[in-house]
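*Asks:* Before I ask anything, here is the structure I am working with.
None of the figures in this text is laboratory data; all of them are computed from the coordinates on show. For clarity, every value in this text was computed on a predicted model and none was experimentally measured. Because the Cβ atoms are built from the backbone with ideal geometry, glycine has one as well, and the counts that use them run over all protein chains shown.
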Amino acid sequence: MPHEGPSARYVEALLTNEAIPAHVRSLVGVLWEGNVKLDDALALNVGDVIPTRREIPVSEQTLRLLQEAIGDREQGPLFATPSGQRVSRRAISTQVRSITRRSAHDMRLGGHRDRHSDHGAQRGTSQTPGIFPRPKPS
């Protein structure tokens, strides 16, 4: 039987659980809603969060969590350590697993399934806020 990832109800409970740090909840939202690979999510920068663009669609709730996780930072990695360094894949994977009992990859799988269901078909309108990764300078 194929692995399906968590249900929409499970992810919603994670996103609204204020005991979980905002950076973990926002990452779960980006993985679930945006169908983004973990490495791609971790490569995002603070300046990539632009509420009016939707290259990576996320809900208003996830956008608020991202803004909470960013705080007053104006630049640097979107998902950062307290010292401002880009969080490592290993560190965030360990943190996500310890909190959710699932892998970060599971969050993306569940979102993929949800996007292809009737529930997910209602998301992703042109009014959906999002993240717009800016092209890297060459």
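*Asks:* Over the range 60-112, what is the relative contact order in percent, taking alpha-carbon pairs closer than 8 angstrom and at least six residues apart? Mind showing how you got there, number by number?
*Replies:* Working: 22 pairs, mean separation 8.0, N = 53.
Dividing the mean separation by the residue count of the range 60-112 yields 15 percent.
*Asks:* Points 7 angstrom from Cα along the Cβ direction at Glu68 and Tyr10: gap in nanometres?
*Replies:* Result: 2.2 nm between the two label points.
*Asks:* Oh, and also: Work through the residues other than Asn17 whose Cβ is under 15 Å from its Cβ and net out their charges, Lys, Arg +1 and Asp, Glu -1.
*Replies:* +2
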